[in-house]
């Protein structure tokens with residue numbers, strides 16, 4: 001199975017960058033363009049379940065997404081210094097512009113100076129505005145307009161659009177070489193992450209009352225089955241377990257199960273095979289028994305045991321949405337809207353039409369979403385409701401997210 005890379009950038013750059021990515025065997029590209037770089041975090045959050053890595057056409061959308069904490073997968077951005085900047089200088093010189101007097105945004109001054117020095121060009125009359133977290137397109141536009149009228153080199157499509165009518169402005173476009181370099185670095189990280197996330201995670205859970213275990217397994221992106229006596233086996237993979245435990249720090253399900261059981265002991269093992277994971281899970285459960293009546297331990301290879309802290313008990317209906325999103329192929333914002341719809345209905349069943357109206361989608365799209373949730377055990381059909389017309393009856397669903 002290949003790796004899907006989400007390519008994020010302005011309309012006129014995404015296709016070229018994605019095409020370069022798809023030259024790499026086993027790599028597919030999901031093209032995600034925006035009108036303004038400020039839309040990048042929202043795009044990333046909405047499509048997080050569909051990709052194994054992110055490639056941004058520049059540093060600004062990358063930094064905006066990183067600062068918004070929407071990046072849950074490996075990410076990289078295309079560097080515009082070096083060959084990309086030199087190519088821009090050649091184009092400006094061809095247009096008859098003085099390339100020794102420029103106003104440049106986003107790029108680091110040291111990188112600009114290094115490129116000009118290598119090309120044998122003076123740097124005394126260059127104005128640079130390096131990227132900082134507080135930098136916005138409005139500030140970049142103001143910076144260029146405050147200058148003495150030098151030609152402008154920008155990395156931002158919004159700046160280019162604002163200045164092109166009254167100044168000579170050139171927007172940097174990523175070179176094929178710079179895209180390949182960024183992609184190579186990203187694939188090394190993404191492939192390693194994918195292999196690690198795919199490791200098998202087995203949990204052995206000692207609990208008398210198994211009510212709620214199926215829901216907890218779903219929140220971990222896995223399945224649960226009786227194992228032996230009052231012990232249950234939970235099967236998932238490392239990636240969802242890492243996400244649901246906050247990077248192997250806490251186990252929210254421990255408190256929820258403890259609210260219904262006097263004894264809850266959980267042992268998770270993560271290994272490259274089912275046999276290795278089960279052996280580690282047994283070791284973890286044995287240590288959990290020594291800790292006390294309510295305890296959870298994660299055992300990894302190289303004799304590493306981690307005691308997972310209990311999180312405050314929360315409603316069993318508040319699972320890790322990012323995990324569920326990856327499992328069912330829906331975005332986190334869509335799942336949040338479904339939860340809002342369920343709350344507004346007071347937990348009562350909803351028709352496919354009501355879901356479609358609340359999510360502002362077509363009914364067939366709502367039916368497809370609900371079918372995915374039903375297969376994952378997160379929605380159940382409770383009957384049909386005649387629509388009062390000759391059309392098909394409306395199916396009633398109870399959301400169990």
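The values are calculated or read from the model by the stated rules, or taken from the named source; none is laboratory data. Just so it is clear, the model here is predicted, and its values are computed rather than measured. For neighbour counting, all protein chains shown are included, and Cβ atoms are generated from backbone atoms with ideal geometry for every residue, glycine included.
Summary table below
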item: Sole residue being touching a residue at least 60 places away in the same chain (Cβ under 8 Å) and out of contact with any strand residue (DSSP E or B) (no Cβ under 6 Å at 6 or more places or on another chain), chosen from 159, 181; result: 181
item: Criterion violated by residue 66 - all others in (1) in contact (Cβ under 8 Å) with a residue 40 or more places away in the chain; (2) touching a strand residue (DSSP E or B) at 6+ places or on another chain (Cβ under 8 Å); (3) under 27 Å from residue 324 (Cβ atoms) satisfied; result: (1)
item: Some residue of the range 286-305 being without any contact (Cβ under 8 Å) to a residue 24 or more places away in the chain, in a strand (DSSP E or B) and either in the same structural domain as residue 219 (by TED's automatic domain parsing) or exposed (fewer than 15 other Cβ atoms within 10 Å of the Cβ) (or both); result: yes
item: Sole exception among (1) closer than 19 Å to residue 17 by Cβ; (2) under 19 Å from the mean Cα position of the chain (by Cα) for residue 85, by number; result: (2)
item: Qualifying position, being under 24 Å from residue 335 (Cα atoms) and outside the structural domain of residue 239 (by TED's automatic domain parsing), among 53, 58, 9, 28; result: 53
item: Subset tally (residues that are more than 21 Å from residue 134 (Cα to Cα), touching a helix residue (DSSP H, G or I) at 6+ places or on another chain (Cβ under 7 Å) and part of a helix (DSSP H, G or I)) for the range 19-71; result: 6
item: Every residue from the range 126-137 that is assigned to a strand (DSSP E or B) and surrounded by fewer than 17 Cβ atoms within 10 Å (Cβ to Cβ); result: 130
item: Residue match in the range 238-253 (condition: crowded, with 17+ Cβ neighbours inside 10 Å and modelled with pLDDT of 90 or more); result: no
item: Residue among 106, 189, 154 that is in the same structural domain as residue 9 (by TED's automatic domain parsing), surrounded by 13 or more Cβ atoms within 10 Å (Cβ to Cβ) and touching a strand residue (DSSP E or B) at 6+ places or on another chain (Cβ under 8 Å); result: 189
item: Count - residues of the range 72-87 that are in contact with a strand residue (DSSP E or B) (Cβ under 8 Å, 6 or more places away or on another chain), farther than 22 Å from residue 241 by Cα and assigned to a loop (DSSP other than H, G, I, E, B); result: 2
item: Qualifying residue in the range 77-86 (condition: in contact with a helix residue (DSSP H, G or I) (Cβ under 8 Å, 6 or more places away or on another chain), within 13 Å of residue 170 (Cα to Cα) and surrounded by fewer than 20 Cβ atoms within 10 Å (Cβ to Cβ)); result: yes
item: Given (1) modelled with pLDDT under 85; (2) under 14 Å from residue 237 (Cα atoms); (3) touching a helix residue (DSSP H, G or I) at 6+ places or on another chain (Cβ under 8 Å); (4) surrounded by 16 or more Cβ atoms within 10 Å (Cβ to Cβ), number of the condition residue 194 does not satisfy; result: (3)
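Here is a yes/no grid of residues against (1) modelled with pLDDT under 90; (2) surrounded by 24 or more Cβ atoms within 10 Å (Cβ to Cβ); (3) on the phi < 0 side of the Ramachandran plot:
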site: 2; (1), (2), (3): yes, no, yes
site: 8; (1), (2), (3): no, yes, yes
site: 12; (1), (2), (3): yes, no, yes
site: 19; (1), (2), (3): no, no, yes
site: 25; (1), (2), (3): yes, no, yes
site: 31; (1), (2), (3): no, no, yes
site: 38; (1), (2), (3): yes, no, yes
site: 49; (1), (2), (3): yes, no, yes
site: 56; (1), (2), (3): no, yes, yes
